[in-house]
Structures are given as structure tokens and as C-alpha cells.
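Taking it in order: structure first as C-alpha cells, then the write-up.
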Amino acid sequence: MARAMRSAVIEAPIDEVWKTIRPFDGLPAWHPLCPDTQIEGGGSPLAVGAIRRIEQTDGNEFRERLLALSDHEHSQTYALIGPPRSVTSMVTTMRLLPITDGNRTYLSWSSEIAAEEKEDEASFAALVEDAFMIGIRNLQKMSPAATAAS
């Protein structure tokens, strides 16, 4: 089992960041690698069990199932359905914590990845971490502090 993990501080209040990342179909609003996301069957993007289909900028598509969504803990957990290559499972959690000094947000994004081969776990974890950072950096650019500085 490999772990992919990235974290950062977002210069915005937790409720504002949560409003952006909470909808399970909301990736196109903040993640530049995911221009199209649809909830299968027209279900609610806030319902546990919802399945989203994600189309990436490189043309690849994949599906994820929402396993948990907590407004109280500002977190969501989801699993990759039909993982690529020799990856057998991937479960991901995004969690926000308030940073009260400056009314900022700590974002943690992590995945537990299993694959048939250890090398595949490590290489897939590196790809996931790169994708996490692209999304995090974009969230940072969208924060009011970053917008005011531009």
C-alpha cells in the first residue's frame, strides 16, 4: 500500500474553501486538470454513494464513488472505481481545518493506493500527488488574498 499526500494553507476562511470543494461534481470550478465532471444518473452531488465521471484535460476519463461527506468535519472521502493500470484500489480523503490565526484554512488531501506491483503503487502515488498539488495551487490562486494581490 502506498500513500499519496499533499497539504497546504489556503488564504481564505474554511467555510469559503468548503463551499468550493464540497460539491462532488464541482472539480471544474477549481481543478484545471478536470474540465468536465458529471454525476451519473443525475443524482445529487452531495449524496453519499454518488458516482462522478471525470474527464481530464488529457482526454482520460475515470469514475469515483463518494463514500463520506461531512459538513461538520469539512471532509469528503471517495474511492476510484475501475482503477487504471494495475492499481487495485484507491481511497482518497480531502479534509479542511481552520487556521484561526489569520482566518485561513489548512487543506490535507491524501490517498491510500494498492496495486498488484509495488513499483506501480509508487509511480501512481507520484502522479496523484502531482494532480493534488495542481488543484491545491489553483485553490490558493483563487483565494481572496491572492486575488487582491494580483
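The values are calculated or read from the model by the stated rules, or taken from the named source; none is laboratory data. Since we're looking at a predicted model, the values are computed, not measured. Cβ sites come from the backbone with ideal geometry, for glycine too, and all protein chains shown count toward neighbours. Just the protein is used for accessible areas: all its heavy atoms, side chains included, with ligands, DNA and RNA removed. Shrake-Rupley method; radii C 1.70, N 1.55, O 1.52, S 1.80 Å.
Computed with a 1.4 Å probe over protein heavy atoms only, the accessible area of K141 comes to about 140 Å². Taking P(r) over Cα pairs in 10 Å bins from 0, in percent straight from the coordinates, which label in (1) 9, 28, 37, 21, 5, 0; (2) 12, 40, 36, 11, 1; (3) 11, 44, 37, 7 is the correct one? Step by step, P(r) over Cα pairs in 10 Å bins from 0, in percent for this structure corresponds to label (2). Ordered from highest to lowest accessible area with the whole protein assembly present and a 1.4 Å probe, E11, E64 read as E11, E64. Per atom type, segment 4-150 shows carbon and sulfur on 53% of its accessible surface, probed at 1.4 Å. Restricting the calculation to Cα atoms, segment 19-62 yields a radius of gyration followed by a Dmax of 10.1, 28 Å. GNM, the chain, Cα, under 10 Å: largest mean-square fluctuation among T93, T20, T57? In the Gaussian network model the winner is T57. What the chain shows is 51 Å² of accessible area per residue, with the surface traced by a 1.4 Å probe over protein heavy atoms. Taking the Cα centre of the chain as origin and assigning +1 to Lys and Arg Cβ atoms and -1 to Asp and Glu Cβ atoms, the resulting dipole is close to 300 debye.
Any idea what angle helix 118-142 forms with the longest principal axis of the chain, computed on alpha-carbon atoms, 0 to 90 degrees, nearest 10? Approximately 20 degrees, to the nearest ten. About the centre of its Cα atoms, segment 63-150 shows a dipole size close to 400 debye [charges on the beta carbon of Lys, Arg (+1) and Asp, Glu (-1) only; nearest 20 debye].
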